[in-house]
Amino acid sequence: MTACSVNYLIDKQQYFESRPNHLWEFKKKNKQMEGMGKIYTVAVEDRKPLHGGEEPTSGQVYTMYHGTHLKNAKHIITHGFQCSKDGLLGPGVYVSRNIEKAKCYPLNEDRKNKVVFKLRVRVGKVKKIDCDNHPLQKSWSQNGYDCAWVPPNSGIKTIKSGREEDCIWDPSRIETVDVACCMDEAVRSNLRKLIKSQMKAEGECNLCYQDTGTGPHPIQRCWECHKSICPFQRKHFCDR
């Protein structure tokens, strides 16, 4: 596959001249891309994927996963997550960057009744919990932290798989962006449609997953594969 830089798909100078608010949004992040003979500043959140051994950087946005029962799926998409009352890290929403970890949940349930959501998580201030009986194991949220992170192979006895785990205190920091796993393809398709409809209703682009509060993003077609592309996307990979 060849990478197709999305900034070649639209005359950004003309676009920004007619939409000064978008230009301001682009300049906020102070990241540059070169295209069509000019330099443009692009608003791109740092969604760089991390492997399970890397500690989440406070204030960043990461892809994570959450496994739940299929009967809960529609409610989560339409109403958001609810904090569990307790757990290894106390109250919160339990997620992981390790999809294999998410696939295990809910425990002792048939795979056909499970669904794994792909999430975008704003971690906020992160606290590492790397041992049993850590002094902030269940009180991190009361000490100014937004996320607790258990690194892989931490030695915590209750995590027999050794996979990393995260707990998010505020469910509003979590956005459901896709269905990563579901055995029933028809159900998966319907859930994906529901997710997309929620994104549109909430003013979010379903291609770059960024806010559209300043107006709809100028969706274009790739010259090679003809797929829809948003110029706010970091990269697009052609199938041709």
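Observations, loosely collected:
- The HN-Hα couplings worked out from phi for region 77-90 by the Karplus form 6.51 cos²θ - 1.76 cosθ + 1.60 (θ = phi - 60°) are 5, 8, 10, x, 7, 10, 5, 6, 6, 7, x, 3, 10, x Hz, whole numbers, x standing for Gly and Pro.
- Estimated FRET transfer efficiency (Ala186, Lys85; beta-carbon r; R0 35 Å; 0.05): 0.55
- Approximate spin-label separation Lys74-Lys160, in nm, with each point projected 7 Å along Cα-to-Cβ: 3.5 nm
- Computed extension gain for Ser139 through Lys125, at 0.36 nm per residue and net of the alpha carbon distance, reaches 3.7 nm.
- With all protein chains modelled, accessible area of Arg221 [1.4 Å, Å²]: 150 Å²
- Cross-link table Lys160/Lys196; Lys118/Lys160; Lys125/Lys200; Lys101/Lys196; Lys114/Lys157, entries beyond 32 Å C-alpha to C-alpha: Lys160/Lys196
- Take region 147-240 with all the other protein chains still there, run a 1.4 Å probe, and you get 54 Å² of accessible area per residue.
- Probe 1.4 Å, all protein chains present, accessible-area order of Cys181, Cys238, Cys83, largest first: Cys83, Cys181, Cys238
- Fraction of accessible area attributable to carbon and sulfur, region 95-240 (%, probe 1.4 Å): 46 percent
The values are calculated or read from the model by the stated rules, or taken from the named source; none is laboratory data. As the structure is a prediction and not an experimental result, all values here were calculated from the model. Using ideal geometry, Cβ is built from the backbone for each residue, glycine included, and neighbour counts are taken over all protein chains shown. Surface areas here come from the heavy atoms of the whole protein model, side chains and all, with no ligands, DNA or RNA. Shrake-Rupley method; radii C 1.70, N 1.55, O 1.52, S 1.80 Å.
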